[in-house]
Amino acid sequence: MKRLEVENLTKRYRRDGEPAVDGASFSLADGKLLALVGESGSGKTTLLRMLAGLETPDTGEIRLDGRVISSPGSVLAPERRGIGLVFQNHALFPHLTVEGNITFGLRHLRRGERAEVVPTVLDLVGLGGYRKRYPHELSGGERQRIALARALAPNPRLLLLDEPFSSLDARLRQSVRDDTRAILRERNATAVFVTHDTGDALSIADGIVVLRKGRVQQVGAPPEVYHAPANSYVASFFGTCNFLPLRGIAHPSGARIACHIGPPRATDPATAGIWVRPEDLELVAPDKTPDGGLQGEVTKVRFHGAYLDVKLLCRLPGHGEFTVTVWHHAPFMVNPGERWGISPRPRRK
Ligand code: ADP
Ligand code: MG
């Protein structure tokens, strides 16, 4: 049985308005971390608030360990769900110490038990000596850890985190999210976190739910949504992606490699083509391009340290003009005006 099951969940804030969440379904196994990703306004927070029991769904249901906790007819109160919450601003009580913040949610425990939990969770987040500090005496990263410790202290069956890293600066963000991942793993916690940052989702989630205008576009592991996106929206959401009005690109070996991402399910032949990530293409000398291979004229080159971002204008009889972006890693320079062949990089399966 899955820890969390979400089935056909819909929520409208106004009866005649567009749904904020529209028929969402997904599930989550014990001990796994699920990311809800999407642009601003795609319904992430609404979905999380339904999981928390703060909003009532219009259709569908949410099950935790097989028990229905939300349906249009009945919503189990947030405090009775066994769910922990971490919000964007880490909302700690400013007038309470770290210990006071952590034990606040443990009032149902006896005093002795409460006293035991505090050092355990503080050690877990690596802030063993911080019991007596106040929130204003903590850095942003430390506040985030204390918020996490507080949410984990009652041993929730499910942890919900809304944009937990977005108030941290870029440098801190990466280490805090890696630490958060490690802490959740150590605790074998099951968690859902919301982010608009694809890097957060790809790097620490076990599973990703991609939302657009309230609708689930794809549910999959990070490599799946990146390398096998369900549609063109998902392809572009996780990074630069070329759309080429071709059936495939010829490889110098003679093999005709269709594409690494796969054709979108286009029904209109005019929009049929393939999607290829720029790192899955490389430049080859024009005379190494096989018959029917792709060539282009370099229009723009940007140096990125590890690679060159090269834009080429391609003209193919019957296909018109189109631009291709290649992230080129070889140690030679490429200049605007030059002509290069474009070849797919062989990928190991
Ligand atoms: P996200 O978290 O992905 O940015 P939200 O769930 O906050 O998205 O919002 C989804 C949609 O629902 C948006 O169009 C937003 O304007 C609308 N919405 C969110 N909260 C409310 C609310 N309390 N009342 C009315 N509309 C809301
Ligand atoms: Mg939000």
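The values are calculated or read from the model by the stated rules, or taken from the named source; none is laboratory data. The model shown is predicted, which means the values in this text are computed figures rather than measured ones. FYI the Cβ positions are ideal-geometry reconstructions off the backbone, even for glycines, and counts take in every protein chain you see. We work out accessible area using only protein heavy atoms, side chains counted, and drop any ligands, DNA or RNA first. Shrake-Rupley method; radii C 1.70, N 1.55, O 1.52, S 1.80 Å.
Quick look at the numbers
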| item | result |
| --- | --- |
| Tally of residues being more than 16 Å from ligand 1 (Cβ to nearest atom), of a type in the set (A, V, I, L, M, F, W, C) and modelled with pLDDT of 95 or more across region 1-12 | 1 |
| Meets criteria (in contact with a strand residue (DSSP E or B) (Cβ under 7 Å, 6 or more places away or on another chain) and assigned by TED's automatic domain parsing to the domain that holds Leu36) for Val234 | no |
| For Asp206: the one exception among (1) in the same structural domain as Met50 (by TED's automatic domain parsing); (2) more than 11 Å from the chain's Cα centre (by Cα) | (2) |
| Residue list for region 7-29, restricted to those being surrounded by 14 or more Cβ atoms within 10 Å (Cβ to Cβ) and more than 26 Å from Ser236 (Cα to Cα) | Glu7, Lys11, Arg12 |
| Pairs where the first residue, in region 310-323, is without any contact (Cβ under 8 Å) to a residue 24 or more places away in the chain and the second is of a type in the set (Lys, Arg), C-beta under 9 Å, 6+ apart | Lys311/Lys300; Lys311/Arg302; Glu321/Arg315 |
| Checking Glu163 against (1) on the phi > 0 side of the Ramachandran plot; (2) in contact (Cβ under 8 Å) with a residue 12 or more places away in the chain; (3) surrounded by fewer than 17 Cβ atoms within 10 Å (Cβ to Cβ), the condition it does not meet | (3) |
| In region 47-94, residue least open to solvent (accessible area, probe 1.4 Å) [restricted to those that are of a type in the set (Gly, Ala, Ser) and within 16 Å of ligand 2 (Cβ to nearest atom)] | Ala52 |
| Residue among Asp22, Asp16 that is modelled with pLDDT under 95 and farther than 23 Å from Gly199 by Cβ | Asp16 |
| Tabulated pairs, region 183-203, first over 15 Å from Gln88 (Cβ atoms), second open to solvent by 10 Å² or more (accessible area, probe 1.4 Å) and within 16 Å of ligand 1 (Cβ to nearest atom), C-beta under 7 angstrom, 6+ apart or interchain | Thr198/Phe237 |
| Residues being assigned to a helix (DSSP H, G or I), surrounded by 15 or more Cβ atoms within 10 Å (Cβ to Cβ) and in contact (Cβ under 8 Å) with a residue 40 or more places away in the chain - total across region 95-118 | 4 |
| Residue pairs meeting the criteria (Cβ under 8 Å; at least 6 apart or on separate chains; first under 14 Å from Gly43 (Cα atoms), in region 1-21; second of a type in the set (D, E, K, R) and buried (at least 19 other Cβ atoms within 10 Å of the Cβ)) | Thr10/Asp22; Lys11/Glu55; Pro19/Lys11; Ala20/Lys11; Val21/Lys11 |
| Failed item, numbered, when His227 is tested on (1) farther than 25 Å from Glu279 by Cβ; (2) more than 16 Å from ligand 2 (Cβ to nearest atom) | (1) |
| Conditions (1) in contact with a strand residue (DSSP E or B) (Cβ under 7 Å, 6 or more places away or on another chain); (2) aliphatic (A, V, I, L, M); (3) modelled with pLDDT under 75: number failed by Ala270 | (1) |
| Lone unmet requirement of (1) in contact (Cβ under 8 Å) with a residue 24 or more places away in the chain; (2) open to solvent by less than 30 Å² (accessible area, probe 1.4 Å) for Gln218 | (1) |
| Condition met for Gln88 (among the polar types (S, T, N, Q) and part of a loop (DSSP other than H, G, I, E, B)) | yes |
| Subset of region 119-141 (residues that are open to solvent by less than 40 Å² (accessible area, probe 1.4 Å) and part of a helix (DSSP H, G or I)) | Val121, Leu122, Leu124, Pro135, Gly140, Gly141 |
